[in-house]
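Enquirer: Pasting a structure here, questions to come.
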């Protein structure tokens with residue numbers, strides 16, 4: 001078995017969920033930059049595809065919740081997406097923020113030296129597959145395969161992307177995510193994809209689950225760990241990464257493992 005470099009690190013990864021999204025509108029370059037300023041090691045973000053085949057950073061498959069527009073992402077062009085206000089829904093002071101492209105996000109991460117985890121999104125299985133394959137191609141073209149993961153709830157889309165780009169790093173979400181995993185199920189799902197990492201809801205992370213995955217060379221990331229108790233519970237169970245909306249809290253918690261006070 002090839003050693004998994006995402007196991008046995010000196011400390012767990014701190015992972016900003018959609019950037020520092022507790023204080024800045026999610027999935028904007030500004031949210032990513034703020035997380036970087038706070039010392040985060042990895043940024044998790046969401047990818048959808050536009051009508052003209054471009055990849056953009058937005059969680060939902062419609063623009064309604066996080067912009068001043070409406071409609072499906074897949075029905076809008078990149079130019080139309082680029083005109084939307086992605087900040088005022090969050091706070092008036094954020095008016096004028098835009099939805100970034102995935103290409104721009106990759107370059108921001110490269111310049112800052114942070115790791116990335118791109119979650120494939122969509123409305124239909126076809127959306128997921130098309131977006132996953134396009135993202136795999138983009139990560140390869142931008143020489144990001146060694147430091148950028150792909151994740152998704154659609155494991156078939158991840159398998160298709162890996163078939164297209166075998167070097168792709170995968171961190172699938174365990175299915176289903178709202179119940180405790182049966183014994184061995186997390187291992188089975190990760191192994192089926194050849195994934196280096198499995199993501200699991202923090203409520204169902206136990207030392208036994210962590211140990212089972214580690215015995216099979218698989219790392220475990222916990223989400224959504226935004227509250228102090230959620231972060232502490234995940235770290236106590238042995239999670240290899242903690243993901244949440246508050247980048248500052250995550251950075252403090254990981255630093256606390258080395259003797260720095262957590263709070």
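Enquirer: Scan the range 16-32 for residues that are touching a helix residue (DSSP H, G or I) at 6+ places or on another chain (Cβ under 7 Å), surrounded by 22 or more Cβ atoms within 10 Å (Cβ to Cβ) and not in a loop (DSSP other than H, G, I, E, B) and jot them down.
Expert: 16, 32
Enquirer: Quick one: is residue 49 at pLDDT 95 or above and farther than 20 Å from residue 251 by Cα?
Expert: Considered against the rule, which asks whether it is at pLDDT 95 or above and farther than 20 Å from residue 251 by Cα, residue 49 comes out as yes.
Enquirer: Can you confirm whether the range 98-110 contains a residue that is assigned to a strand (DSSP E or B), touching a residue at least 24 places away in the same chain (Cβ under 8 Å) and on the phi < 0 side of the Ramachandran plot?
Expert: For the range 98-110, residues assigned to a strand (DSSP E or B), touching a residue at least 24 places away in the same chain (Cβ under 8 Å) and on the phi < 0 side of the Ramachandran plot: present.
Enquirer: Mind checking which helices (runs of 4 or more DSSP H) fall wholly inside the range 147-263 and carry at least 1 residues that are closer than 30 Å to residue 108 by Cα and either without any contact (Cβ under 8 Å) to a residue 24 or more places away in the chain or in contact with a helix residue (DSSP H, G or I) (Cβ under 6 Å, 6 or more places away or on another chain) (or both)?
Expert: In the range 147-263, 155-164, 185-193, 228-237, 247-256 are the helices (runs of 4 or more DSSP H) which contain 1 or more residues that are closer than 30 Å to residue 108 by Cα and either without any contact (Cβ under 8 Å) to a residue 24 or more places away in the chain or in contact with a helix residue (DSSP H, G or I) (Cβ under 6 Å, 6 or more places away or on another chain) (or both).
Enquirer: Just a yes or no: is a residue in the range 33-53 within 30 Å of residue 257 (Cα to Cα), in contact with a strand residue (DSSP E or B) (Cβ under 8 Å, 6 or more places away or on another chain) and assigned to a helix (DSSP H, G or I)?
Expert: So far as the range 33-53 goes, yes, one or more of its residues are within 30 Å of residue 257 (Cα to Cα), in contact with a strand residue (DSSP E or B) (Cβ under 8 Å, 6 or more places away or on another chain) and assigned to a helix (DSSP H, G or I).
Enquirer: Does residue 25 satisfy being in contact with a strand residue (DSSP E or B) (Cβ under 9 Å, 6 or more places away or on another chain) and touching a residue at least 60 places away in the same chain (Cβ under 8 Å)?
Expert: no
Enquirer: Here's a check for you: in the range 64-81, which residue that is part of a loop (DSSP other than H, G, I, E, B) and without any contact (Cβ under 8 Å) to a residue 24 or more places away in the chain is nearest to the chain's Cα centre (by Cα)?
Expert: Ranking the candidates gives 64 first.
Enquirer: Check whether at least one residue in the range 204-219 is over 30 Å from residue 2 (Cβ atoms), in contact with a strand residue (DSSP E or B) (Cβ under 6 Å, 6 or more places away or on another chain) and at pLDDT 95 or above, and report yes or no.
Expert: no
Enquirer: Restricting attention to the range 123-146, report how many residues are touching a helix residue (DSSP H, G or I) at 6+ places or on another chain (Cβ under 8 Å) and either surrounded by 22 or more Cβ atoms within 10 Å (Cβ to Cβ) or under 15 Å from residue 167 (Cβ atoms) (or both).
Expert: Number satisfying all stated conditions: 12.
Enquirer: Quick check: is even one residue across the range 176-196 under 16 Å from the mean Cα position of the chain (by Cα) and at pLDDT below 95?
Expert: yes
Enquirer: Determine whether the range 127-140 contains at least one residue that is assigned to a loop (DSSP other than H, G, I, E, B) and over 15 Å from the mean Cα position of the chain (by Cα).
Expert: no
The values are calculated or read from the model by the stated rules, or taken from the named source; none is laboratory data. Everything numeric here is computed off the predicted structure, so don't read it as measured data. Glycine also receives a Cβ, built like all others from the backbone with ideal geometry; neighbour counts cover every protein chain displayed.
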